[in-house]
There are 2 protein chains.
Amino acid sequence: MGASQSPRPPEGLDRADELNDLGTAPGTPAGADTRTGDGTRPTIRVGVLGCGNVGAAVARFLLTDDKRIAERTGVQLELAKVAVRSATKERDVPGVEALLTTDAISIVTDPSIDVVVEVMGGISPTRDLVLQALRNGKPVVTANKELLANHGAELWDTAGAAGVDLLFEASVAGGIPLIRALRESLAGERIHRVMGIVNGTTNYILTRMAASGASYQEALSEAQSLGFAERDPTADVEGFDAAAKAAILANVAFGAKVVAGDVYREGISALNLQDFEAARRLGFAIRLLAVVEAGPDGALGVRVHPAMVPQEHPLAAVRDSFNAVFVEGEAVGQLMLFGRGAGGLPTASAVIGDLVDAAHNLTVKGVARKLELHQVAISPIDDLRCAYYLSLFVADRPGVLSAISGVLGHHNVSVRSMEQDAPEPEGVLPGAGAGTGDEPRAGQAHLVFVTHPAYERDMQACLHEMRRLEAVRRIGGLVRVVGT
Amino acid sequence: MGASQSPRPPEGLDRADELNDLGTAPGTPAGADTRTGDGTRPTIRVGVLGCGNVGAAVARFLLTDDKRIAERTGVQLELAKVAVRSATKERDVPGVEALLTTDAISIVTDPSIDVVVEVMGGISPTRDLVLQALRNGKPVVTANKELLANHGAELWDTAGAAGVDLLFEASVAGGIPLIRALRESLAGERIHRVMGIVNGTTNYILTRMAASGASYQEALSEAQSLGFAERDPTADVEGFDAAAKAAILANVAFGAKVVAGDVYREGISALNLQDFEAARRLGFAIRLLAVVEAGPDGALGVRVHPAMVPQEHPLAAVRDSFNAVFVEGEAVGQLMLFGRGAGGLPTASAVIGDLVDAAHNLTVKGVARKLELHQVAISPIDDLRCAYYLSLFVADRPGVLSAISGVLGHHNVSVRSMEQDAPEPEGVLPGAGAGTGDEPRAGQAHLVFVTHPAYERDMQACLHEMRRLEAVRRIGGLVRVVGT
């Protein structure tokens, strides 16, 4: 409110008294000497790159809640500049107009700006801007999963060399304080596995399909109309977004040099209503999981795929567009962090937490924690060993089950349960599955297997062989079972 | 392993090279100049007060995992001394024998010890030891909820004056990285409410009663035989343990000067099987919650009591001895942290996270974050406004429901649902409820009400008036409904 009535003076003009000994040469950390002689703490000036959903929420926070944040944390933050593409576009942030600039480079080079928040997204020109800010000694707070998952090592190296913070709590699972937990609280922990529901769009779709019997297309359309899904939903539903986050989780939880492209990836678009029906009967929920796990051989498994999760597992209780990350550690046991994974406000809350951290480090002359990544071997998906759900449409005649069982046995896949399933008429909603070929046809039976743990390569060999059996009309689906 | 083969030299002998400029006078922060000239980081020597369940796990961590922690965090920790009551008692920690001392004061005064871990518990002599350590400039990591909940302000003031860290992640909800989330990640957040399942013993008992139809006494005995409950379970089942944690949550989430004695407290021992039966039918789980919430008038509600929580609420999915803390904030929305709230290993994991933090701050000359507490008004329980579950045993005759409804209406309590319940024979397990007077008797009916939100004072006035009605044989139970 106050900010809208009294716009702040232009950059630098009121800085001399407070930060008269602030190093301004490139390469000198900004704020290296920000504590004033009388012991009071100076104001930390924040430049924000981007003013979309998250950027606007961050700007509003800084313009309206600065006093409260200062009281609570002892850190005085001041919004200095906001880089936007259009300076004339209307913004719903009172007081921000006077701070807008279309010159993003001026923010990362301005010596009067102490910290840079990057919420513009994308790789270009973002990557260059962030690198330049770090090289100029400015700590950077970013929410940019794409940038981190593809150029993380370069960014962390640059931050480390400059001795400044690169904080990224908002990049995975929005407002959930996950990155700090992994980097700091669990610093002593030997982590075995991290499993996350890190994409709210797909979790919403999966929850709807399970609860209402909506088809994939119906649930997707609903998510799109509610604004949970993009018009082109590929990044979400095919698991690209989750794969980027999986890479960042591998960086943070295991210190492993993993990029988005290293992540094995399957989306949710092939799931059908019969999978959800079977899951319900078998006591599972279907979730799209980003999994990072240490293998017995020291290699790291990093993958994104739908999974059958037991109903009593905490991840099964994560519904709608919520996110959660489940951590299994040697000493800490099981741990789960649950909350809003996206949205302007939750993401801005995480950005502000990081900003306070960076500002605190600047004012007390703290030294940033480095993130050092090590080259690790990544397990091929073939080496995965887990239980499987397998749905098959087969000819309804004697001898077929024996042939299928023979294939499984031949490849060392042991069956835990099998059921022959005909969809109950009352379970099929109008339009559901219609024309998708998912319903058993005359003379056709639907078999659902759950296996004991088996190797992925063996399971794939089974599928390969089954596709060549005349009696197997179609492979309905193969879903990994996790968390039993 | 290595530690057990080559016991460390006695205190101080190997310190001169590393920390030759370490301030040793009382009042001078230890580690104020711990960065060595060549830029390498010195070893941080840790003194541990107490070697029980948690202390032994911390010692084992430091003796066996020190290299891994150093690789991952850049912080080199060394176990220097462990204070115990008996130096001759057998300990299951290879290599610890040479480090044991019965002289706890020697740890908090030893200038060669950089950080103190307090896991001995209790108030005396712990309080004096912790204060002395802080005054001697040693950061303290503590798991002592009792001490913090009763003398927190004094400890944080002392730490603040000395400029050293007082870290206490392990004091609430064991291995769950809750305190750091509230202090740092949510630093910018306007928190509305924190609700925690912070006592594993009672959650185990409540889960058992709901799942198996065991009576309170049976479930308690089972918890005792499994080691989840003490022989004298009062601190757990009457909510004293949870009340101490509620006070710490109020400190951290709201910066409020609250001590354990300020917390309104009800335990679980009055709950009976009919409450669980009714909860199941009504779609609730019963949980013992520690609740801290900001009231509309700026006063803070701080209370511990059993609550009916909707089955679809994330807290309802927290079963057995797990803990979870649910946070509602202005920007972040709903957030939940779930995990192991007790046990040597999870608690030690939290201690190590704090130790790394304190050691990092020492080595980089960081300045500790202060926790400043403000006096706040605490809402009397009478001012609470929520929905209620009310179970009544009444005379089974016409006119009684009308009389009861009249009492509720007269006190502005509006009924959302009412059911008259006779326990189904197959729902009553042998021995369950036998002799507890919980089962309806001949000529007696059992009424279960759920109200719309009402004031506690009005609800209590209803109970007072109902007790005087001849037709009301007994108030079965009153449980607050939370999270709808």
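For the range A:264-307, the spread of Cα coordinates along the three principal axes comes to 37, 21, 11 Å, biggest extent given first.
Taking label points 7 Å from Cα along the Cα-to-Cβ direction, residue A:395 and residue B:311 give a separation of 4.5 nm.
Just the Cα atoms of chain A, one point each, no solvent: what log10 I(q)/I(0) does Debye give at q = 0.08 Å⁻¹? After summing over all Cα pairs, the log10 values are -0.55. I'd like the distance separating the alpha-carbon centroids of the range B:213-262 and the range A:448-484, in whole Å. Cα centres, the range B:213-262 to the range A:448-484: 48 Å.
To the nearest ten degrees, helix B:126-135 and the longest principal axis of the Cα atoms of chain B are 50 degrees apart. Measuring between their Cα centroids, the range A:38-89 and the range A:133-190 lie 19 Å from each other.
The alpha-carbon of residue B:89 sits under 27 angstrom from the alpha-carbons of these lysines, leaving out residues fewer than 8 places away in its chain: B:81, B:145. Here the calculated FRET efficiency for residue B:217 and residue A:420, from their Cβ-Cβ distance with R0 = 35 Å, stands at 0.15, rounded to the nearest 0.05. For the range B:289-353, the orientation-averaged shadow of the C-alpha convex hull comes to 6.2 nm² (one quarter of the hull surface).
Taking every alpha-carbon pair in the range A:323-381 and binning the separations at 10 Å intervals from zero gives 16, 23, 42, 18, 1 percent. Taking label points 7 Å from Cα along the Cα-to-Cβ direction, residue A:474 and residue A:460 give a separation of 2.4 nm. Need one value: the accessible area of residue B:207 in square angstrom, 1.4 angstrom probe, rounded to the nearest 10. Near enough 20 Å² of accessible area.
Per residue, the Cα convex hull of the range A:95-204 amounts to 150 Å³. Against chain A, whose longest principal axis comes from its Cα atoms, helix A:216-225 is set at around 20 degrees. Residue A:106 label point, 7 Å along Cα→Cβ, cut-off 17 Å on backbone N: hits in the range A:41-70? Within reach of a label on residue A:106, which here means backbone N under 17 Å from a point 7 Å along Cα→Cβ, the range A:41-70 contributes A:46-51. Looking only at the range B:230-261, which residues have a backbone nitrogen under 20 Å from a spot 7 Å from the Cα of residue B:157 in the C-beta direction? Of the residues in the range B:230-261, B:247-261 have backbone N under 20 Å from the label point off residue B:157. From the Kirkwood radius over Cα pairs of the protein assembly as shown, Stokes-Einstein at 4 °C and 1.567 mPa s returns a whole-number translational diffusion coefficient of 43 µm²/s.
For the range A:298-348, what does the accessible surface come to per residue with a 1.4 Å probe? Please give it in Å².
Working: 1210 Å² over 51 residues.
Accessible area per residue: 24 Å².
Against chain A, whose longest principal axis comes from its Cα atoms, helix A:53-64 is set at around 40 degrees.
For the range A:85-132, the fraction of alpha-carbon pairs lying more than 15 Å apart is 52 percent, rounded to a whole number.
Once you reduce the range A:263-320 and the range B:276-313 to the center of their Cα atoms, the two points are 31 Å from each other.
To the nearest 10, the accessible area of residue A:484 is 110 Å² with a 1.4 Å probe. Annotation: peptides B:376-383, A:268-275, ranked by per-residue average of other Cβ atoms within 10 Å with the highest first, follow the order A:268-275, B:376-383.
Going through the cross-link list A:67/B:245; A:370/B:67; A:257/A:370, which pairs have a Cα-Cα distance over 19 Å in this structure? Before the final figure, lay out each step's value.
Working: A:67/B:245 29 Å; A:370/B:67 17 Å; A:257/A:370 14 Å.
Beyond 19 Å between Cα atoms: A:67/B:245.
Shown in residue order for the range B:146-159 are the 3J(HN,Hα) couplings computed by the Karplus curve 6.51 cos²θ - 1.76 cosθ + 1.60 at θ = phi - 60°: 5, 5, 5, 6, 10, 10, x, 4, 4, 5, 5, 4, 5, 4 Hz (x for Gly and Pro). Taking every protein chain into account, the 1.4 Å probe leaves residue B:414 with about 60 Å² of accessible area, to the nearest ten. When the convex hull of its Cα atoms is viewed from all sides, the range B:242-393 shows a mean projected area of 11.7 nm². Shortest first, residue B:380 label-point distances to identical copies amount to 7.4 nm, with the label point at 7 Å from Cα along Cα→Cβ. What do you get for Rg/Rh over the range B:176-289 if you use C-alpha atoms and the Kirkwood form of Rh? Checking Rg against Rh, the ratio lands at 1.03. Seen from residue A:143, the other residues with C-beta closer than 15 Å to its C-beta sum to a net charge of -2, counting Lys and Arg as +1 and Asp and Glu as -1.
Between residue B:135 and residue B:87, what's the calculated FRET efficiency when r is the beta-carbon distance and R0 is 41 Å? Round to 0.05.
Numbers: r = 27 Å, r/R0 = 0.65.
That gives a FRET efficiency of 0.95.
Normalised by the number of residues in chain B, the average gap of Cα pairs under 8 Å and 6 or more apart makes the relative contact order 16 percent.
Sequence-ordered 3J(HN,Hα) estimates for the range A:179-192 from the Karplus curve with 6.51, -1.76 and 1.60 and θ = phi - 60° stand at 5, 5, 4, 5, 6, 10, 4, 9, 4, x, 8, 8, 7, 8 Hz, glycine and proline given as x.
Under Stokes-Einstein, with the Kirkwood radius over Cα pairs standing in for Rh, what whole-number D in µm²/s applies to the range B:53-133 at 37 °C and 0.692 mPa s? Before the final figure, lay out the partial values.
Numbers: Rh = 13.5 Å.
The estimated diffusion coefficient comes to 242 µm²/s.
The values are calculated or read from the model by the stated rules, or taken from the named source; none is laboratory data. Remember, predicted model here, so these are calculated numbers, not experimental data. We place every Cβ from the backbone using ideal geometry, glycine too, and count neighbours over all the protein chains shown. Protein only, heavy atoms only, side chains kept; ligands, DNA and RNA dropped before computing areas. Shrake-Rupley method; radii C 1.70, N 1.55, O 1.52, S 1.80 Å.
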